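Each remark here refers to the structure printed beneath this line.
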Amino acid sequence: MAAAAPVKPFSPEEARRIVHHLQQPAVFPSMTCGWPALRWTAEHLSGCLGDRLVRFRLGRKEEKNTPLFETQCSYVEATVAQFLSWTRGQSGTDIGPFSKYPCSDHWAYADYKYIAMLFQDQPFMFEDVKWSEFGFEGRDGKESTLWIGTEGANTPCHQDTYGCNLVLQIQGRKRWHLFPPEDTAHLYPTRIPYEESSVFSQVDVLHPDLRRFPSFHGARAHVVILQPGQVLYVPRHWWHYVESVDPITVSVNSWIELEADDVSRVSEAVTRAVVCAVKSSRSDDNTGDWLNPTEEGVASHGENMQYLNLAVRACAQRRKNELPARDPRDACPAKRDSSGQIRKNRERIRNSAPFSAPYGPDLIPVGCQEEEPGRVTLTSSEDNAVTSQQDSTVSSDTVTLMEETDLTLHKARDCADGPSERRSEDCKELRPTTITTNDLLDCLLHPDIISRVTELLLERHTGSHGTNAPL
C-alpha cells in the first residue's frame with residue numbers, strides 16, 4: 001500500500017496567490033515535504049553527474065571593504081567528486097584542478113548552473129523539483145538553477161531587474177541579506193560589471209566602507225538564515241546578498257516572471273546598448289574585465305538597437321491592448337510608478353478581493369532587523385521549525401550570526417558618525433580627482449535615469465507627446 005502524500009499547508013492555488021501578492025520576502029518552511037530533490041546533497045549529485053565537469057568560481061577568505069565581483073574571481077573546471085575531495089583535504093588534491101587554491105584560504109562556488117544543461121541526459125531528474133505545488137503548473141527543475149558551494153561562498157549584492165525568485169535550500173544553510181527596492185539609492189547601484197538583468201551594489205554589505213558610501217547608513221537589511229527544506233520567496237526588485245554559512249551548501253533557484261514586464265525589458269535594452277557602446281570604445285581608463293562571465297559576449301551596436309526596437313514595440317503594443325477606453329472629459333493622464341507601470345486605480349483596488357498574507361508557522365515574513373531585531377530567526381532543527389523571538393528559543397548559532405552582522409554594521413556606523421571635521425577630511429582624501437568612464441556610466445545608467453529614458457522612448461514611439469519630448 002502506497003504511503004499517503006504529505007499534507008501541505010497551502011494548496012497550489014493558495015501558494016500561487018500568496019506569491020503573487022506578497023510585497024516582502026517570506027519563508028515557506030513546510031511546503032517541500034516529499035520532494036525527491038531533498039536528496040540532492042553534494043554527495044548524491046556527485047554520483048549523478050559522474051565525470052561531467054562543472055565550472056567553480058573561487059575567492060579568497062578575507063575581509064574587504066569592496067565586493068568581490070565575478071570578474072575578479074578565479075575559475076576551475078572540476079567534477080563534483082574532485083570538489084568534495086578538495087573540501088575534505090583528501091590526498092591527490094595537491095595535483096588536481098584545485099591544487100593552486102588551498103581550501104583553508106579559499107571558498108568555491110558552482111553557481112548559476114542550469115539544471116536543464118547539467119542533466120540533459122537524465123531528464124527524469126527535472127521531476128524531483130516540484131514548483132507546480134506553488135501553483136506554477138508544469139514548472140519543475142528544468143526551469144531552475146543549481147548552486148553548490150563551501151562556507152563563505154557568496155554572490156555580490158545585486159538586484160534582478162525583472163521577475164521574482166523561489167529558492168529551495170537542500171543542504172547546509174545560507175544567510176540572506178535582503179534590501180527593499182526603496183533602498184536602491186543607499187546601495188550605490190552600478191552596471192559594471194555588466195550582466196543582463198542584474199544591477200550590482202558597489203557596497204560590501206557585510207563590511208561597508210561608510211566613508212565612501214555614507215548613504216548605506218540608511219539601508220534596511222532584512223536578514224534570514226535559510227535551512228534545508230525551506231523555500232525563500234524573494235519579491236521582484238529586492239536586493240540580495242547571499243553567503244553560505246556551512247561547510248557544504250546546495251540549493252535550487254527558480255526565477256519566475258509573474259506577469260509580462262515589458263517596461264523592464266525596454267530598460268534593460270537601453271542599458272545594454274549604452275554599456276556595450278561605451279565600454280567597447282578605446283580609452284586609457286577603459287580597461288579590464290567589464291563583462292560578467294555569465295554573459296556570452298558583446299553584441300554589436302546594430303544588434304543592440306534591433307533588440308531595443310523590438311522591446312519598445314512589444315511594450316507599446318501591450319500598453320495599447322491593456323489600456324481601457326477613457327472618457328474624453330477625463331483630462332488626468334494615467335499615473336505611473338518609478339518602473340513605468342500604470343498605477344492601479346483606487347476604485348479598482350477597493351473593488352478587488354482583499355489580500356491578507358496568512359503569516360504564521362507555515363509562512364514567515366522576513367522582517368527588518370533594525371526595526372524588529374531578532375523577529376525572524378530560523379532554527380537548525382531537523383523538522384525545519386521556524387521560531388520567533390516572542391514565542392520560542394532561538395538557536396545559539398543563529399543568534400551568533402545575527403549578532404556578528406549587527407556588530408559589523410554598528411562599528412561601521414560609529415565610524416561614519418564621527419566628528420564632522422574628520423568626516424570632511426576623509427571625504428577630501430577619498431574624493432576622486434578624475435571622472436572615469438565607469439563614473440560616467442554609473443550616472444548615465446542610474447535606475448532613475450534609465451526609467452525616464454525608457455518613458456521618453458515609449459512616448460516617442462507612440463507619439464503620445466510628440467517627437468521631441470522635453471526632459
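Just so it is clear, none of the values below were taken in a lab; they were calculated from the coordinates. Note that the coordinates shown come from a computational prediction; the quantities given were computed from them, not determined experimentally. For neighbour counting, all protein chains shown are included, and Cβ atoms are generated from backbone atoms with ideal geometry for every residue, glycine included.
In this model, which of Lys61/Lys100; Lys100/Lys174; Lys8/Lys130; Lys64/Lys174; Lys130/Lys174 are farther than 24 Å apart at the alpha-carbon? Can you show the working numbers first?
Values: Lys61/Lys100 14 Å; Lys100/Lys174 26 Å; Lys8/Lys130 13 Å; Lys64/Lys174 20 Å; Lys130/Lys174 21 Å.
Over 24 Å apart, Cα to Cα: Lys100/Lys174.
Once label points are set 7 Å from the Cα along Cα→Cβ at both Ala299 and Lys100, what is their separation, rounded to one decimal in nm?
3.3
In what sequence do Ser74, Ser46, Ser104 fall when counting other Cβ within 10 Å, fewest first? Working shown, then result.
Values: Ser74 13, Ser46 19, Ser104 7.
Listed from fewest to most nearby Cβ atoms, that is Ser104, Ser74, Ser46.
Using +1 at the Cβ of each Lys and Arg and -1 at the Cβ of each Asp and Glu in the stretch 12-256, identify which of Gln169, His240, Ser144 lies farthest towards the dipole's positive end.
With unit charges placed on the Cβ atoms, the residue in question is His240.
What percent do you get for the relative contact order of the stretch 12-256 when only Cα pairs under 8 Å and 6+ apart count? Before the final figure, lay out each step's value.
Numbers: 529 pairs, mean separation 70.0, N = 245.
The normalised contact order for the stretch 12-256 reaches 29 percent.
What nm distance separates the two modelled labels at Thr433 and Arg452, each placed 7 Å from Cα along Cα→Cβ?
Rounded to a tenth, the inter-label distance reads 3.2 nm.
Order of Phe124, Phe56, Phe134 from fewest to most other C-beta atoms within 10 Å?
Details: Phe124 8, Phe56 28, Phe134 24.
Ordered by Cβ neighbours within 10 Å, fewest first: Phe124, Phe134, Phe56.
Can you tell me how the stretch 1-85 classifies by the Cα gyration tensor, rounded, prolate or oblate, using a/c under 1.5 as the rounded cut?
On the way: a/c = 3.41, a/b = 1.44, b/c = 2.37.
It is oblate, given that a/c is not under 1.5 and a/b is not larger than b/c.
Kindly give the semi-axes, whole Å and largest first, of the ellipsoid equivalent to the stretch 12-256, taking each as the square root of 5 times a Cα gyration tensor eigenvalue. Walk me through the numbers on the way to the answer.
Working: eigenvalues 149, 133, 40 Å².
Whole-Å semi-axes of the equivalent ellipsoid: 27, 26, 14.
Using a simple spin-label model with points 7 Å from Cα along the Cα→Cβ vector, what separation in nm is obtained for Asn292 and Lys61?
2.6
Of Cys157, Tyr114, Val54, whose Cα points farthest to the positive end of the dipole of the stretch 12-256 (charges on the beta-carbon: +1 Lys, Arg; -1 Asp, Glu; origin at the Cα centre)?
Farthest towards the positive end: Cys157.
Across the stretch 100-204, how large is the tail of the calculated P(r) beyond 16 Å, expressed as a percent of all Cα pairs?
Values: 3785 of 5460 pairs.
Considering the stretch 100-204, 69 percent of its Cα-Cα pairs are separated by more than 16 Å.
Please identify every one of the GluC sites (Glu not before Pro) in the stretch 97-197 that sits in a loop by DSSP and has no more than 10 other beta carbons within 10 Å of its own beta carbon.
Numbers: sites: Glu127, Glu133, Glu137, Glu143, Glu151, Glu182, Glu195, Glu196; in loops: Glu137, Glu151, Glu196.
Passing both the DSSP loop test and the Cβ count: Glu137.
Using 1/(1 + (r/R0)^6) with R0 = 51 angstrom and r between the beta carbons of Ser91 and Lys320, what's the FRET efficiency to the nearest 0.05? Numbers along the way, then the final one.
On the way: r = 67 Å, r/R0 = 1.31.
The pair Ser91/Lys320 has a calculated efficiency of 0.15.
Computed on alpha carbon atoms, what radius of gyration and Dmax characterise the stretch 3-148, expressed in Å?
18.6, 53
Phe126: net charge of surrounding residues, Cβ under 11 Å, Lys/Arg +1, Asp/Glu -1, itself excluded? Intermediate values should be presented prior to the final figure.
Numbers: positive: Lys130, Arg139, Lys142; negative: Glu127, Asp128, Asp140, Glu143.
Charge balance in the 11 Å sphere: -1.
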